[in-house]
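Participant: Sharing a structure here in C-alpha coordinates format.
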Amino acid sequence: MASPCNQRHRLVDLASLLRKYRVTVWLLLLVFYSCHHASGFIQPLGVVRPLTPSTTVLGSTYTIERTTLKIAQNDSALSDAIATLEQEKAARTRANMTNNHDHVTALDEVVVGLFSTAALLGFYGLITYSGQGSWRYFLAGGVCAATSHAISTPIDVVKTRKQVDPELMDASIAKATMKIIRSEGMRSLLAGLGPTAVGYLMEGALKFGIYEVSKPAFRRMLTSLAAVTRVAALDSQLLGLVLCGSISGVAASSMLCPMEAVRIRVVAEPEFAPRGWIQASYRMLKYEGVSALWKGMLPMIYKQVPYTIAKNVSFDLFTTLGYSILLRRGGIITTSAKTAIPLASAFLASILSCISSQPGDMLLSLINAHEGTKTTNEFAKDILKSKSGIRGFFVGIEARFLHVFSVVTIQLLLYDFAKRFCGIAATGTM
(Lines give C-alpha, C1' and ligand atoms only; values in the text may rest on other atoms or scores of the structure.)
Protein backbone atom coordinates (compact mmCIF):
# COMPACT_ATOMS: atom_id res chain seq x y z
CA MET A 1 0.00 0.00 0.00
CA ALA A 2 1.37 3.36 -1.04
CA SER A 3 2.29 5.71 1.79
CA PRO A 4 0.62 9.18 2.09
CA CYS A 5 3.95 10.75 1.18
CA ASN A 6 4.18 8.81 -2.09
CA GLN A 7 0.57 9.65 -2.92
CA ARG A 8 1.27 13.35 -2.46
CA HIS A 9 4.31 13.08 -4.74
CA ARG A 10 2.20 11.39 -7.41
CA LEU A 11 -0.43 14.13 -7.19
CA VAL A 12 2.26 16.80 -7.52
CA ASP A 13 3.74 15.02 -10.56
CA LEU A 14 0.29 14.74 -12.16
CA ALA A 15 -0.44 18.42 -11.56
CA SER A 16 2.89 19.48 -13.08
CA LEU A 17 2.25 17.24 -16.10
CA LEU A 18 -1.18 18.80 -16.67
CA ARG A 19 0.30 22.29 -16.40
CA LYS A 20 3.02 21.40 -18.90
CA TYR A 21 0.58 20.08 -21.49
CA ARG A 22 -2.42 22.28 -20.70
CA VAL A 23 -2.50 23.76 -24.21
CA THR A 24 -2.66 20.29 -25.79
CA VAL A 25 -5.45 19.28 -23.40
CA TRP A 26 -7.48 22.37 -24.26
CA LEU A 27 -7.00 21.78 -27.98
CA LEU A 28 -8.19 18.17 -27.68
CA LEU A 29 -11.24 19.28 -25.73
CA LEU A 30 -11.99 21.92 -28.36
CA VAL A 31 -11.76 19.41 -31.21
CA PHE A 32 -13.96 16.95 -29.34
CA TYR A 33 -16.55 19.61 -28.62
CA SER A 34 -16.56 21.05 -32.13
CA CYS A 35 -16.76 17.74 -33.98
CA HIS A 36 -19.21 15.85 -31.79
CA HIS A 37 -21.26 18.25 -29.68
CA ALA A 38 -21.81 21.33 -31.86
CA SER A 39 -25.32 20.38 -32.92
CA GLY A 40 -26.09 18.97 -29.47
CA PHE A 41 -25.39 22.38 -27.94
CA ILE A 42 -27.51 24.35 -30.37
CA GLN A 43 -30.55 22.11 -30.63
CA PRO A 44 -31.72 22.61 -27.01
CA LEU A 45 -31.94 26.33 -27.77
CA GLY A 46 -35.01 25.62 -29.87
CA VAL A 47 -33.45 25.98 -33.28
CA VAL A 48 -34.91 22.70 -34.49
CA ARG A 49 -38.60 22.48 -33.76
CA PRO A 50 -41.62 20.82 -35.38
CA LEU A 51 -43.48 22.60 -38.15
CA THR A 52 -46.56 24.41 -36.81
CA PRO A 53 -49.16 26.71 -38.39
CA SER A 54 -46.94 29.72 -37.64
CA THR A 55 -43.42 28.53 -38.30
CA THR A 56 -40.43 30.23 -39.89
CA VAL A 57 -39.06 27.96 -42.60
CA LEU A 58 -35.83 28.99 -44.33
CA GLY A 59 -36.43 32.64 -43.67
CA SER A 60 -40.17 32.89 -44.50
CA THR A 61 -43.07 32.83 -42.07
CA TYR A 62 -46.18 30.87 -43.00
CA THR A 63 -49.47 31.19 -41.09
CA ILE A 64 -51.67 29.20 -43.46
CA GLU A 65 -54.49 27.40 -41.67
CA ARG A 66 -57.78 25.91 -42.85
CA THR A 67 -59.73 28.92 -41.62
CA THR A 68 -57.37 31.23 -43.47
CA LEU A 69 -57.85 29.26 -46.66
CA LYS A 70 -61.63 29.55 -46.32
CA ILE A 71 -61.35 33.31 -45.99
CA ALA A 72 -59.00 33.37 -48.96
CA GLN A 73 -61.76 32.04 -51.21
CA ASN A 74 -63.66 35.28 -50.68
CA ASP A 75 -60.67 37.58 -50.57
CA SER A 76 -58.63 37.70 -53.76
CA ALA A 77 -55.88 39.85 -52.21
CA LEU A 78 -55.34 37.40 -49.40
CA SER A 79 -55.52 34.53 -51.88
CA ASP A 80 -52.80 36.13 -53.99
CA ALA A 81 -50.67 36.66 -50.88
CA ILE A 82 -51.00 33.02 -49.86
CA ALA A 83 -50.21 31.89 -53.41
CA THR A 84 -47.07 34.03 -53.36
CA LEU A 85 -45.97 32.51 -50.06
CA GLU A 86 -46.61 29.03 -51.36
CA GLN A 87 -44.58 29.77 -54.49
CA GLU A 88 -41.73 31.10 -52.39
CA LYS A 89 -41.88 28.04 -50.17
CA ALA A 90 -41.82 25.75 -53.23
CA ALA A 91 -38.88 27.65 -54.73
CA ARG A 92 -36.93 27.37 -51.51
CA THR A 93 -37.76 23.67 -51.28
CA ARG A 94 -36.49 23.15 -54.83
CA ALA A 95 -33.32 25.07 -54.01
CA ASN A 96 -32.86 22.94 -50.91
CA MET A 97 -33.36 19.77 -52.96
CA THR A 98 -30.87 21.04 -55.53
CA ASN A 99 -28.31 21.72 -52.84
CA ASN A 100 -29.08 18.28 -51.33
CA HIS A 101 -28.35 19.74 -47.93
CA ASP A 102 -31.02 19.51 -45.25
CA HIS A 103 -28.94 18.76 -42.15
CA VAL A 104 -25.54 19.48 -40.62
CA THR A 105 -23.30 16.78 -42.03
CA ALA A 106 -20.29 15.15 -40.42
CA LEU A 107 -18.10 16.99 -42.93
CA ASP A 108 -19.56 20.32 -41.81
CA GLU A 109 -18.80 19.52 -38.18
CA VAL A 110 -15.27 18.36 -38.99
CA VAL A 111 -14.51 21.49 -41.04
CA VAL A 112 -15.79 23.77 -38.26
CA GLY A 113 -13.78 21.81 -35.69
CA LEU A 114 -10.60 21.89 -37.75
CA PHE A 115 -10.97 25.61 -38.46
CA SER A 116 -11.46 26.35 -34.75
CA THR A 117 -8.43 24.25 -33.87
CA ALA A 118 -6.29 25.84 -36.59
CA ALA A 119 -7.33 29.32 -35.47
CA LEU A 120 -6.40 28.58 -31.86
CA LEU A 121 -3.08 27.04 -32.86
CA GLY A 122 -2.39 29.99 -35.15
CA PHE A 123 -3.00 32.53 -32.41
CA TYR A 124 -0.89 30.55 -29.98
CA GLY A 125 1.97 30.19 -32.45
CA LEU A 126 1.94 33.82 -33.52
CA ILE A 127 1.95 35.14 -29.96
CA THR A 128 4.57 32.60 -28.82
CA TYR A 129 7.07 33.04 -31.66
CA SER A 130 6.61 36.74 -32.46
CA GLY A 131 8.93 37.91 -29.72
CA GLN A 132 8.63 38.95 -26.12
CA GLY A 133 5.76 41.34 -25.46
CA SER A 134 4.19 40.95 -28.91
CA TRP A 135 0.94 39.78 -27.27
CA ARG A 136 0.27 43.43 -26.51
CA TYR A 137 -0.28 44.22 -30.20
CA PHE A 138 -2.76 41.37 -30.56
CA LEU A 139 -4.60 42.35 -27.38
CA ALA A 140 -4.77 46.05 -28.26
CA GLY A 141 -5.90 45.32 -31.82
CA GLY A 142 -8.63 42.88 -30.80
CA VAL A 143 -10.09 45.11 -28.10
CA CYS A 144 -10.12 48.29 -30.19
CA ALA A 145 -11.62 46.57 -33.28
CA ALA A 146 -14.38 44.79 -31.34
CA THR A 147 -15.28 47.95 -29.40
CA SER A 148 -15.33 50.33 -32.38
CA HIS A 149 -17.38 48.02 -34.61
CA ALA A 150 -19.84 47.16 -31.83
CA ILE A 151 -20.47 50.85 -31.11
CA SER A 152 -21.23 51.58 -34.76
CA THR A 153 -23.53 48.57 -35.32
CA PRO A 154 -26.69 50.69 -36.01
CA ILE A 155 -24.91 52.56 -38.82
CA ASP A 156 -23.65 49.29 -40.26
CA VAL A 157 -27.19 47.88 -40.26
CA VAL A 158 -28.51 50.85 -42.26
CA LYS A 159 -25.57 50.65 -44.68
CA THR A 160 -26.07 46.93 -45.31
CA ARG A 161 -29.83 47.28 -45.78
CA LYS A 162 -29.32 50.08 -48.30
CA GLN A 163 -26.97 47.84 -50.26
CA VAL A 164 -29.25 44.77 -50.42
CA ASP A 165 -32.81 46.16 -50.17
CA PRO A 166 -34.05 47.77 -53.44
CA GLU A 167 -36.64 49.81 -51.51
CA LEU A 168 -33.90 51.51 -49.46
CA MET A 169 -31.16 51.94 -52.06
CA ASP A 170 -32.25 55.41 -53.18
CA ALA A 171 -33.38 56.59 -49.74
CA SER A 172 -31.28 58.93 -47.63
CA ILE A 173 -29.62 57.65 -44.46
CA ALA A 174 -32.26 59.33 -42.27
CA LYS A 175 -35.21 58.03 -44.30
CA ALA A 176 -33.79 54.52 -44.49
CA THR A 177 -33.21 54.51 -40.74
CA MET A 178 -36.75 55.69 -39.96
CA LYS A 179 -38.28 53.15 -42.33
CA ILE A 180 -36.36 50.30 -40.68
CA ILE A 181 -37.40 51.49 -37.21
CA ARG A 182 -41.08 51.89 -38.19
CA SER A 183 -41.32 48.45 -39.78
CA GLU A 184 -39.08 46.42 -37.45
CA GLY A 185 -38.56 48.46 -34.27
CA MET A 186 -35.50 50.04 -32.63
CA ARG A 187 -34.05 46.67 -31.74
CA SER A 188 -33.50 45.90 -35.42
CA LEU A 189 -30.67 48.47 -35.49
CA LEU A 190 -28.67 46.14 -33.25
CA ALA A 191 -29.03 43.15 -35.59
CA GLY A 192 -25.75 41.30 -35.95
CA LEU A 193 -24.15 42.77 -32.82
CA GLY A 194 -23.02 39.32 -31.62
CA PRO A 195 -21.13 38.19 -34.74
CA THR A 196 -19.78 41.72 -35.14
CA ALA A 197 -18.17 41.75 -31.70
CA VAL A 198 -16.84 38.18 -31.92
CA GLY A 199 -15.67 38.46 -35.51
CA TYR A 200 -13.85 41.75 -35.13
CA LEU A 201 -12.26 40.70 -31.86
CA MET A 202 -10.41 37.98 -33.78
CA GLU A 203 -10.01 40.08 -36.94
CA GLY A 204 -8.53 43.05 -35.09
CA ALA A 205 -6.11 40.90 -33.11
CA LEU A 206 -4.73 39.34 -36.29
CA LYS A 207 -4.81 42.50 -38.39
CA PHE A 208 -2.94 44.74 -35.97
CA GLY A 209 -0.80 41.98 -34.44
CA ILE A 210 0.55 40.56 -37.70
CA TYR A 211 0.98 44.05 -39.16
CA GLU A 212 3.16 45.20 -36.25
CA VAL A 213 5.26 42.08 -35.68
CA SER A 214 6.00 41.56 -39.40
CA LYS A 215 7.43 45.06 -39.91
CA PRO A 216 11.04 44.18 -38.91
CA ALA A 217 10.97 40.96 -40.95
CA PHE A 218 9.78 42.65 -44.15
CA ARG A 219 12.20 45.51 -43.60
CA ARG A 220 15.16 43.13 -43.39
CA MET A 221 13.92 41.10 -46.36
CA LEU A 222 13.55 44.15 -48.60
CA THR A 223 16.95 45.53 -47.57
CA SER A 224 18.62 42.21 -48.42
CA LEU A 225 16.67 41.93 -51.68
CA ALA A 226 17.68 45.44 -52.71
CA ALA A 227 21.35 44.61 -52.01
CA VAL A 228 21.23 41.36 -54.00
CA THR A 229 19.30 42.73 -56.99
CA ARG A 230 20.89 46.19 -56.82
CA VAL A 231 17.44 47.74 -57.17
CA ALA A 232 17.42 50.57 -54.65
CA ALA A 233 13.67 51.10 -54.98
CA LEU A 234 13.06 47.80 -53.17
CA ASP A 235 14.59 49.20 -50.00
CA SER A 236 11.45 51.21 -49.29
CA GLN A 237 9.66 51.71 -45.99
CA LEU A 238 6.37 52.31 -47.81
CA LEU A 239 6.66 49.02 -49.74
CA GLY A 240 7.38 47.17 -46.50
CA LEU A 241 4.30 48.63 -44.83
CA VAL A 242 2.13 47.77 -47.84
CA LEU A 243 3.33 44.15 -47.72
CA CYS A 244 2.63 44.00 -43.99
CA GLY A 245 -0.87 45.37 -44.59
CA SER A 246 -1.52 42.86 -47.36
CA ILE A 247 -0.50 39.82 -45.31
CA SER A 248 -2.39 40.95 -42.22
CA GLY A 249 -5.47 41.78 -44.33
CA VAL A 250 -5.62 38.28 -45.83
CA ALA A 251 -5.13 36.62 -42.43
CA ALA A 252 -7.81 38.81 -40.85
CA SER A 253 -10.22 38.03 -43.71
CA SER A 254 -10.03 34.30 -43.05
CA MET A 255 -11.09 34.84 -39.43
CA LEU A 256 -13.75 37.45 -40.12
CA CYS A 257 -15.44 35.82 -43.13
CA PRO A 258 -17.71 33.34 -41.26
CA MET A 259 -18.91 35.89 -38.72
CA GLU A 260 -19.48 38.51 -41.39
CA ALA A 261 -21.54 36.03 -43.43
CA VAL A 262 -23.77 35.43 -40.40
CA ARG A 263 -24.04 39.15 -39.63
CA ILE A 264 -25.08 40.10 -43.15
CA ARG A 265 -27.66 37.31 -43.31
CA VAL A 266 -29.17 38.38 -39.96
CA VAL A 267 -29.35 42.01 -41.12
CA ALA A 268 -30.58 41.33 -44.68
CA GLU A 269 -33.17 38.70 -43.67
CA PRO A 270 -34.41 39.53 -40.15
CA GLU A 271 -36.95 36.69 -40.31
CA PHE A 272 -34.29 34.10 -41.16
CA ALA A 273 -33.29 33.58 -37.53
CA PRO A 274 -35.57 35.41 -35.07
CA ARG A 275 -33.72 33.91 -32.10
CA GLY A 276 -30.38 35.44 -32.92
CA TRP A 277 -27.07 34.84 -34.63
CA ILE A 278 -26.37 31.41 -33.12
CA GLN A 279 -29.60 30.19 -34.69
CA ALA A 280 -28.61 31.86 -37.96
CA SER A 281 -25.22 30.11 -37.92
CA TYR A 282 -26.86 26.74 -37.36
CA ARG A 283 -29.45 27.27 -40.10
CA MET A 284 -26.81 28.31 -42.60
CA LEU A 285 -24.84 25.17 -41.78
CA LYS A 286 -27.96 23.02 -41.94
CA TYR A 287 -29.52 24.27 -45.17
CA GLU A 288 -26.47 25.52 -47.11
CA GLY A 289 -23.47 23.72 -45.70
CA VAL A 290 -20.22 25.00 -44.27
CA SER A 291 -19.32 26.58 -47.63
CA ALA A 292 -22.00 29.23 -46.98
CA LEU A 293 -19.82 30.69 -44.23
CA TRP A 294 -16.86 31.13 -46.60
CA LYS A 295 -18.53 31.86 -49.93
CA GLY A 296 -17.76 35.55 -49.39
CA MET A 297 -14.01 34.98 -48.94
CA LEU A 298 -13.05 36.51 -52.29
CA PRO A 299 -15.02 39.78 -51.84
CA MET A 300 -13.84 39.80 -48.22
CA ILE A 301 -10.25 39.91 -49.48
CA TYR A 302 -11.24 42.58 -52.03
CA LYS A 303 -12.57 44.61 -49.11
CA GLN A 304 -10.15 43.86 -46.27
CA VAL A 305 -6.79 44.06 -48.02
CA PRO A 306 -7.27 47.60 -49.46
CA TYR A 307 -8.99 48.60 -46.22
CA THR A 308 -6.13 47.35 -44.04
CA ILE A 309 -3.41 48.84 -46.24
CA ALA A 310 -5.12 52.23 -46.48
CA LYS A 311 -5.97 52.38 -42.78
CA ASN A 312 -2.83 51.03 -41.10
CA VAL A 313 -0.25 52.34 -43.54
CA SER A 314 -1.74 55.83 -43.86
CA PHE A 315 -2.15 56.07 -40.07
CA ASP A 316 1.53 55.17 -39.65
CA LEU A 317 2.64 57.70 -42.26
CA PHE A 318 0.33 60.53 -41.16
CA THR A 319 1.27 60.24 -37.48
CA THR A 320 4.99 60.06 -38.33
CA LEU A 321 4.62 63.17 -40.52
CA GLY A 322 2.66 65.00 -37.84
CA TYR A 323 5.18 64.34 -35.07
CA SER A 324 8.14 65.18 -37.34
CA ILE A 325 6.58 68.56 -38.27
CA LEU A 326 5.95 69.26 -34.59
CA LEU A 327 9.56 68.47 -33.63
CA ARG A 328 11.04 70.45 -36.55
CA ARG A 329 9.15 73.51 -35.37
CA GLY A 330 10.70 73.24 -31.92
CA GLY A 331 7.66 71.72 -30.24
CA ILE A 332 7.54 68.86 -27.77
CA ILE A 333 5.40 65.76 -27.80
CA THR A 334 2.88 66.45 -25.05
CA THR A 335 -0.23 64.52 -24.00
CA SER A 336 -2.34 66.89 -26.07
CA ALA A 337 -0.17 66.25 -29.12
CA LYS A 338 -0.55 62.51 -28.61
CA THR A 339 -4.30 63.01 -28.90
CA ALA A 340 -4.53 65.67 -31.63
CA ILE A 341 -2.09 64.10 -34.11
CA PRO A 342 -3.58 60.56 -33.96
CA LEU A 343 -7.09 62.04 -34.21
CA ALA A 344 -6.29 63.98 -37.39
CA SER A 345 -4.39 61.01 -38.82
CA ALA A 346 -7.29 58.65 -38.06
CA PHE A 347 -9.74 60.97 -39.83
CA LEU A 348 -7.62 61.04 -42.99
CA ALA A 349 -7.10 57.27 -42.80
CA SER A 350 -10.87 56.71 -42.57
CA ILE A 351 -11.46 58.55 -45.86
CA LEU A 352 -8.82 56.56 -47.74
CA SER A 353 -9.87 53.20 -46.29
CA CYS A 354 -13.56 53.81 -47.05
CA ILE A 355 -13.04 54.69 -50.71
CA SER A 356 -10.51 51.91 -51.38
CA SER A 357 -12.65 49.15 -49.87
CA GLN A 358 -16.16 50.21 -50.97
CA PRO A 359 -16.41 47.95 -54.10
CA GLY A 360 -15.38 44.91 -52.07
CA ASP A 361 -17.85 45.79 -49.33
CA MET A 362 -20.68 46.07 -51.87
CA LEU A 363 -19.91 42.64 -53.34
CA LEU A 364 -19.59 41.13 -49.87
CA SER A 365 -23.04 42.39 -48.85
CA LEU A 366 -24.66 41.06 -52.03
CA ILE A 367 -23.11 37.60 -51.94
CA ASN A 368 -23.92 36.99 -48.26
CA ALA A 369 -27.37 38.62 -48.19
CA HIS A 370 -29.25 35.54 -49.44
CA GLU A 371 -28.68 31.87 -50.02
CA GLY A 372 -27.60 30.79 -53.48
CA THR A 373 -24.65 29.76 -55.62
CA LYS A 374 -24.08 33.02 -57.49
CA THR A 375 -20.37 33.88 -57.65
CA THR A 376 -18.56 37.12 -56.93
CA ASN A 377 -17.74 37.64 -60.61
CA GLU A 378 -21.40 37.18 -61.57
CA PHE A 379 -22.47 39.81 -59.07
CA ALA A 380 -19.77 42.17 -60.35
CA LYS A 381 -20.91 41.67 -63.97
CA ASP A 382 -24.54 42.32 -62.99
CA ILE A 383 -23.54 45.60 -61.35
CA LEU A 384 -21.55 46.73 -64.37
CA LYS A 385 -24.41 45.82 -66.74
CA SER A 386 -26.99 47.69 -64.66
CA LYS A 387 -28.05 51.25 -65.40
CA SER A 388 -25.78 52.49 -62.60
CA GLY A 389 -22.67 51.00 -64.15
CA ILE A 390 -19.52 51.36 -62.10
CA ARG A 391 -21.40 53.67 -59.72
CA GLY A 392 -23.30 50.57 -58.58
CA PHE A 393 -20.23 49.55 -56.61
CA PHE A 394 -20.63 52.70 -54.51
CA VAL A 395 -24.26 52.22 -53.45
CA GLY A 396 -24.57 53.07 -49.76
CA ILE A 397 -21.23 54.87 -49.60
CA GLU A 398 -22.82 57.81 -47.73
CA ALA A 399 -23.86 55.55 -44.86
CA ARG A 400 -20.55 53.72 -45.10
CA PHE A 401 -18.59 56.98 -44.87
CA LEU A 402 -20.37 57.66 -41.59
CA HIS A 403 -19.79 54.08 -40.48
CA VAL A 404 -16.12 53.87 -41.47
CA PHE A 405 -15.38 57.34 -40.09
CA SER A 406 -16.75 56.39 -36.68
CA VAL A 407 -15.18 52.91 -36.71
CA VAL A 408 -11.70 53.90 -37.91
CA THR A 409 -11.43 57.03 -35.77
CA ILE A 410 -12.49 55.26 -32.57
CA GLN A 411 -10.49 52.16 -33.44
CA LEU A 412 -7.18 53.88 -34.17
CA LEU A 413 -7.45 56.20 -31.17
CA LEU A 414 -8.21 53.24 -28.90
CA TYR A 415 -5.38 51.25 -30.46
CA ASP A 416 -2.87 54.04 -29.93
CA PHE A 417 -4.04 54.51 -26.33
CA ALA A 418 -4.00 50.75 -25.65
CA LYS A 419 -0.45 50.47 -26.99
CA ARG A 420 0.74 53.24 -24.73
CA PHE A 421 -1.14 51.70 -21.79
CA CYS A 422 0.70 48.41 -22.43
CA GLY A 423 4.06 50.18 -22.52
CA ILE A 424 4.50 50.51 -26.30
CA ALA A 425 5.48 53.84 -27.86
CA ALA A 426 2.75 55.87 -29.59
CA THR A 427 2.33 55.25 -33.31
CA GLY A 428 4.64 57.50 -35.36
CA THR A 429 7.04 58.37 -32.53
CA MET A 430 9.59 55.58 -33.11
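Participant: Per residue, how large is the accessible surface of the range 169-236? Use a 1.4 angstrom probe and give square angstrom. The partial results should precede the final answer.
Facilitator: Values: 3750 Å² over 68 residues.
Per-residue accessible area for the range 169-236 comes out at 55 Å².
Participant: With all protein chains present and a 1.4 Å probe, how do Met430, Met221 order by accessible area, largest first? Walk me through the numbers before you get to the answer.
Facilitator: Values: Met430 185, Met221 95 Å².
Result of the area sort, largest leading: Met430, Met221.
Participant: Roughly how many nanometres apart are two label points built 7 Å out from the Cα toward the Cβ at Arg187 and Glu398?
Facilitator: Result for the modelled spin labels: 3.0 nm.
Participant: Stretched out fully, how many nm does the piece from Leu239 to Lys387 gain, at 0.36 nm a residue minus the Cα gap? Write down the numbers at each step before the final one.
Facilitator: Details: separation 148, 0.36 × 148 = 53.28 nm, distance 3.81 nm.
Here the segment from Leu239 to Lys387 would lengthen by 49.5 nm.
Participant: Let me see the pair-distance distribution of the range 139-250: every alpha carbon pair, 10 Å bin width, integer percents in order.
Facilitator: Bin by bin from 0 Å, the calculated values are 14, 28, 22, 18, 13, 5, 1.
Participant: Gain in length, Thr105 to Ile355, computed as 0.36 nm per residue apart minus the alpha-carbon separation, to one decimal in nm?
Facilitator: 86.0 nm
Participant: Kindly write out, for the range 331-342 in residue order, the coupling ³J(HN,Hα) from the Karplus curve 6.51 cos²θ - 1.76 cosθ + 1.60 (θ = phi - 60°), rounded to whole Hz, with x marking Gly and Pro.
Facilitator: x, 10, 7, 8, 4, 5, 5, 6, 9, 5, 5, x
Participant: If I compute solvent accessible area with a 1.4 Å probe over the protein chains, what percent of it on the range 301-430 is carbon and sulfur?
Facilitator: Working: 4260 of 6110 Å².
For the range 301-430, the apolar C and S fraction of the accessible surface comes to 70 percent.
Participant: Past 30 Å, Cα to Cα, is the threshold; run Lys175/Lys419; Lys162/Lys215; Lys179/Lys338; Lys215/Lys303; Lys215/Lys338; Lys162/Lys419 against it and keep the listed order.
Facilitator: Lys175/Lys419; Lys162/Lys215; Lys179/Lys338; Lys162/Lys419
Participant: With N set to the number of residues, divide the alpha-carbon radius of gyration of the range 247-386 by 2.2 N^0.38 Å and report two decimals.
Facilitator: The range 247-386 yields a ratio of 1.37.
Participant: Taking amide H atoms as placed 1.01 Å from N in the peptide plane, list the residues 5 or more away in sequence, or in a different chain, whose amide H sits under 5 Å from that of Ala171.
Facilitator: none
Participant: Rounded to the nearest whole Å², what accessible area per residue is found for the range 294-430 with the 1.4 Å probe?
Facilitator: For the range 294-430, the solvent-accessible area averages 46 Å² per residue.
Participant: Here's something else I'd like to know. With a Förster radius of 25 Å, plug the Cβ-Cβ distance of Glu271 and Lys374 into 1/(1 + (r/R0)^6) and report the FRET value to the nearest 0.05. Working shown, then result.
Facilitator: On the way: r = 21 Å, r/R0 = 0.84.
It comes out at approximately 0.75.
Participant: Next up: Using Cα positions and a limit of under 17 Å, work out the lysines in reach of Lys385, with same-chain residues fewer than 8 apart set aside.
Facilitator: Lys374
Participant: Further question on the same structure: At q = 0.14, 0.15, 0.17, 0.21 Å⁻¹, what log₁₀ I(q)/I(0) does the range 234-305 have when each alpha carbon counts as one equal point scatterer in the Debye sum?
Facilitator: -0.51, -0.56, -0.65, -0.85
The values are calculated or read from the model by the stated rules, or taken from the named source; none is laboratory data. Keep in mind it's a predicted model, so treat the numbers as computed, not measured. Cβ: placed from backbone, ideal geometry, glycine included. Neighbour counts: every protein chain shown. Side chains are part of the model used for accessible areas, which takes the heavy atoms of the whole protein and leaves out ligands, DNA and RNA. Shrake-Rupley method; radii C 1.70, N 1.55, O 1.52, S 1.80 Å.
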